[in-house]
Amino acid sequence: MRKMYYSLKYIFNETFISLRKSGMLILCAIIIITTALISLGLFILADRAASAVISGFENNLEIVAFLEDGFNASTLKNVIIPNISNYPEVASVRLVTKEDAREELKKEVPELRDVFSIIEENPLPSSLRIKVKTPDTLAAVTDRMKKENGLAIEEITYGGENANSFLKASQKFRESSLFVLIIFIIASVVVIAATIRLTVYSRFNEIEIMRLVGATDWYIKWPYILEGIFLGVVSGALATLAVLFIKNGVFLELSKSFIFLKNIAEGVNIFDICWKLILVGILQGIIGAMFSTASVLSEKK
Amino acid sequence: MIEFSDVSKIYSNGVVAISDVSLRIEKGEFVFLIGPSGAGKTTLLKMVFCDETPTTGNVFVDGRNISKLRRSEIPYLRRNVGVVFQDFKLLDDRDIFENVGFALKVMGFAPQLIANQVNHVLEQVGLSTKKRMFPSQLSGGEKQRVCIARAIVNNPAILVTDEPTGNLDPYISWEIMKTIIDINNKGTTVIFATHNKDLVDRMRKRVLVLRDGRLTKDEPRGTFDFEENVL
């Protein structure tokens, strides 16, 4: 137990010495890793933004089946609506009468109040508003409704076209930014490995002596792994600060113009991003350190 | 204690360093290892502290076959083998005390125990008054004695020295020799690789001669005349 204590003391001491000796190298590594981690943080923020927009779309997606005037109200209420409600993909079905439609429009566009007071006949059609459980079933439900119900439907519309294009765009964005992110993270690992490798080589004589006097591989490696962890923690913390600044500054400012960003700016838990960035930083540090020490130690038995 | 059984070592570039060597060194023995440069002396010594493994044959150190040791077991074998190099291999940024104590620190010993042991061995090699000096402030002979102190600080059973007097004048070489003889007299097995004819001839200890990787002579009280008495 005492031996372990003295060994740990030695390892921490050596880590500190190593960090002090290679100040400029460490600074360069921190800058590069922080840049990569900021990218990761922004990716997480952007992903949250895209998810929020998609979720907004999904919540508002519905099929609108406009009914021809003079439909049979009894058949609609007793047969067709219950029938559609029974589709497994359907979440709810609501009948919007001509009157309901007019009131809705008045609420949404108050400027039209005067127009409605001028025109005598309500030009808005009645409609069925059908919400589905998942947006990918919109087309199938629409087809089935058309085939099965023999409704006097004027037109069926749904927001699927817009939603699908947005979904595709956001998917492309995620794929391309994920690719850039992976490149950044790999670059960071390489930079950490190179930085620690330089430290290792600068202390090659010492490592050689350690091996010859009976130090275990792990005993030799630990100071460098701690160095990698230090790089990861510091870079992760700096990246978190940067992301916090971007979230609070840029997002809040932009959210004045783009309402959907307001939720992102206010809703994202910075600690959730913080621990992810630090964890990724630490993992990068450990992997980089393991690579650099393994390559040096494998040269010797 | 140390046994080579039909050992050969061929490096990946095809160089044959050791060829079919068999020998046995008993506990507490003092053995000179001589031969021309490139004869395989260093490779043979490296096998004793497991820095090289044989291509064929077996090397036993303390009854353990070094070819069959797991990588994780090697450090523990090395803690029982002290090594002294011609080029000292000292840490320039640490003083003599720290250089000697380094081996014990690596093994996780308590500072007080390290201090006691380091002071003891520095006295043994005659450097107790210079323990706060740095290697750059010492002469070649003193550096070599620091190296010896580091090698014996944890009381290893075996001391391997690779031309420890190679860069030293005859007087200092003899002082180093006397220090190592003292260590041997306390029961440590010593393998002493050297080109120093004077030392070998004066000591009349067991002499092993290597030529082109082959053991060409093994004499109990030998001299440096390795070219004449080919086995």
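See the values below:
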item: Mean Cβ neighbour count within 10 Å, used as a protection proxy, ranking A:197-207, B:205-215 highest first; result: B:205-215, A:197-207
item: Cα-based helix-to-principal-axis angle, B:96-106 vs chain B, degrees rounded to 10; result: 70 degrees
item: Förster-model FRET efficiency, 45 Å R0, A:ARG113 and A:PHE71, C-beta, rounded to 0.05; result: 0.95
item: B:HIS120 paired with B:ASP201, simple spin-label distance in nm, labels 7 Å along Cα-to-beta-carbon; result: 3.9 nm
item: Bridge type composition, segment B:90-231 - antiparallel percent by DSSP, nearest 5; result: 50 percent
item: Efficiency of FRET between A:GLU253 and A:ASP47 - r from beta-carbon atoms, R0 25 angstrom, step 0.05; result: 0.80
item: Length released on extending from B:ALA110 to B:TYR171, taking residue separation times 0.36 nm less the Cα-Cα span; result: 18.2 nm
item: Helix-only mean residue ellipticity at 222 nm for chain B, each DSSP H run of n ≥ 4 adding -39500 (n - 2.57), per residue, nearest 500; result: -9500 deg cm²/dmol
item: Packing rank of A:77-86, A:107-116, where each peptide gets the mean count of other beta carbons within 10 Å, highest leading; result: A:77-86, A:107-116
item: Average beta carbon contacts from partner chains per residue of A:203-212, 10 Å cutoff; result: 5
item: Cut-off under 5 Å, modelled amide H: who pairs with B:LEU210 long-range; result: B:ILE34, B:GLY35, B:THR216
item: Loop sites in segment B:1-107: GluC sites (Glu not before Pro), DSSP, at most 10 other Cβ within 10 Å; result: none
item: Amide proton proximity set for A:VAL132, modelled H, under 5 Å, gap of 5+; result: A:ILE63, A:ALA91
item: Accessible surface buried once A binds B (1.4 Å probe; total of both sides; Å²); result: 2300 Å²
item: Gap separating the Cα centres of segment A:269-284 and segment B:83-114, nearest whole Å; result: 40 Å
item: GNM flexibility winner over chain B from B:ILE183, B:ILE114, B:ILE74 (Cα, springs under 10 Å); result: B:ILE74
item: In sequence order, calculated HN-Hα J values of segment B:6-13 (Karplus, 6.51, -1.76, 1.60; Hz; x Gly/Pro); result: 6, 8, 10, 9, 10, 6, 4, 7
item: Candidates A:ALA49, A:ALA193, A:ALA101, ranked by Gaussian network fluctuation over chain A, Cα under 10 Å, top entry; result: A:ALA101
item: Peptide ranges B:8-21, B:191-204 listed from the most packed, as the mean C-beta count within 10 angstrom indicates; result: B:191-204, B:8-21
item: Cβ-derived FRET efficiency at R0 51 Å, B:ASN155 paired with B:VAL15, nearest 0.05; result: 0.90
item: Peptide-level mean, for B:88-97, of C-beta atoms on other protein chains within 10 Å; result: 2
item: Per residue, in Å², the accessible surface of segment B:105-186 once ligands and nucleic acids are set aside, probe 1.4 Å; result: 43 Å²
item: Highest-fluctuation residue, A:ILE229, A:ILE282, A:ILE11 considered, GNM on chain A with Cα pairs under 10 Å; result: A:ILE11
item: Cα long-axis angle, helix A:217-245 against chain A (0 to 90 degrees, to the nearest 10); result: 40 degrees
item: Cα-based helix-to-principal-axis angle, B:140-152 vs chain B, degrees rounded to 10; result: 80 degrees
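The values are calculated or read from the model by the stated rules, or taken from the named source; none is laboratory data. Remember, it's a predicted structure, so these values are computed and weren't measured experimentally. Note that we place each Cβ from the backbone using ideal geometry, even for glycine, and neighbour counts take in every protein chain shown. Please note that ligands, DNA and RNA were not included when accessible areas were found on the heavy atoms of the full protein model with its side chains. Shrake-Rupley method; radii C 1.70, N 1.55, O 1.52, S 1.80 Å.
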